[in-house]
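Take a look at the structure below.
The values are calculated or read from the model by the stated rules, or taken from the named source; none is laboratory data. Bear in mind that the values here come from a model prediction, so they are computed numbers and not experimental data. Neighbour counts are summed over all protein chains in view; Cβ atoms, including those assigned to glycine, are modelled from backbone coordinates with ideal geometry. We work out accessible area using only protein heavy atoms, side chains counted, and drop any ligands, DNA or RNA first. Shrake-Rupley method; radii C 1.70, N 1.55, O 1.52, S 1.80 Å.
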Amino acid sequence: MTSSVQAAPPERPLTVAAVQAEAVPGDIVGNTATTARLVRQATDEGAQVVVFPELFLPAYHPPVLRDATLDLPASAAGQIDDPRLDPLRKAAQELGAVVVVGAAVRHADGRRTCSAVVVDRSGVAFAAYDKQHLCGPDEKALFVPGRQGATLVVDDWKLGLGICYDGCFPEHGRAAAGDGAHGYLCPSGYLVGSEHRRDLYYAARALDNTMYVVFANPVGGEPPWRFNGGAAIYDPEGRPVRRAPNNGEAVVVATLDPVELARVRRTHSMLADRLPHQGGRRVVLRA
């Protein structure tokens, strides 16, 4: 049996928030004001990292997303200086929070992506991760898939980034864990009627990889793009530490505990025990 090297657990706890809220289609200025307000609410409850839903800044509404003026332009280095983000940048800087929020990004090379934008504690915004698994014809018509994974480091916590459908693929969460992630941040957009899958996928990614998972999701919207909330933070055994209801604005806050992370990884050693090729060559048996 071959063991892999795991990242050492962080030294200190990290308090995180998962947000669910309703975004107004096409209103980046108004939605940015909402994020700034909810970052303040989250930090009042002790959050150091605040995660918002997929495409929250323009709103997840495909007819509106055809409007290229909703894109946030990124430099070749990924930095975003769009003044529409100023209230969010100011809140992150004043409150010392790291914010992860979904947006449509136009890269310097012309690519348009469904992205996780990070605003750091100094108020700098950058395109941190581009969604790799695009879901359905609308997303595939609007965006191009991301080219690589990403790990966000906050203090000494390594946090893999995924967006919605990425989290439906066990390999995506495992790639984050293989990169040493202690947690997995997933801005998402789950529709009414998908509650079973919503609550199963991210709990499974937590248990599969013995890592914390932070799941943010919108609420409200007009059918067929009506969203079902359920923002949650899962522990490394896949249990919800906190979960919001299916309706209404909510901020759920929990502390990621390095002692608990280390305990779970000692008890459930899947990352260390995983075979490099999952058993190697397979044989076909006929009965």
Next on the checklist: Name the residue that is farthest from Gly46 (Cα to Cα), counting only residues in the stretch 125-137 that are open to solvent by 50 Å² or more (accessible area, probe 1.4 Å) and not in a strand (DSSP E or B).
Outcome noted: Pro137
Next on the checklist: Just to be sure I understand the filter: pairs with C-beta atoms under 8 Å, separated by 6 or more residues or on different chains, first member in the stretch 68-84 and among the β-branched types (Val, Ile, Thr), second member in a strand (DSSP E or B). Which pairs pass?
Outcome noted: Ile80/Leu72; Ile80/Pro73; Ile80/Ala74; Ile80/Val105; Ile80/Val117; Ile80/Ala125; Ile80/Phe126; Ile80/Ala127
Checklist entry - Looking only at the stretch 146-197, which residues are closer than 26 Å to Pro10 by Cβ, in contact with a strand residue (DSSP E or B) (Cβ under 6 Å, 6 or more places away or on another chain) and aliphatic (A, V, I, L, M)? => result Ala150, Leu152, Val154, Leu159, Leu161, Ile163, Ala176, Ala181, Leu185
Checklist entry - Scanning for something over 18 Å from Leu14 (Cβ atoms), buried (at least 20 other Cβ atoms within 10 Å of the Cβ) and small (Gly, Ala, Ser), does the stretch 211-229 turn up at least one residue? => result yes
Next on the checklist: Looking only at the stretch 1-52, filter to residues that are of a type outside the set (S, T, N, Q) and closer than 30 Å to Pro276 by Cα; which one of those is modelled with the highest pLDDT?
Outcome noted: Pro10
Checklist outcome for this item: Only unsatisfied item for Arg198, checking (1) open to solvent by 10 Å² or more (accessible area, probe 1.4 Å); (2) charged (D, E, K, R); (3) in contact with a Gly (Cβ under 6 Å, 6 or more places away or on another chain), is (1)
Checklist entry - Can you name the residue in the stretch 231-287 that is in a strand (DSSP E or B) and open to solvent by 40 Å² or more (accessible area, probe 1.4 Å) and, of all such residues, is nearest to Ala47 (Cα to Cα)? => result Thr255
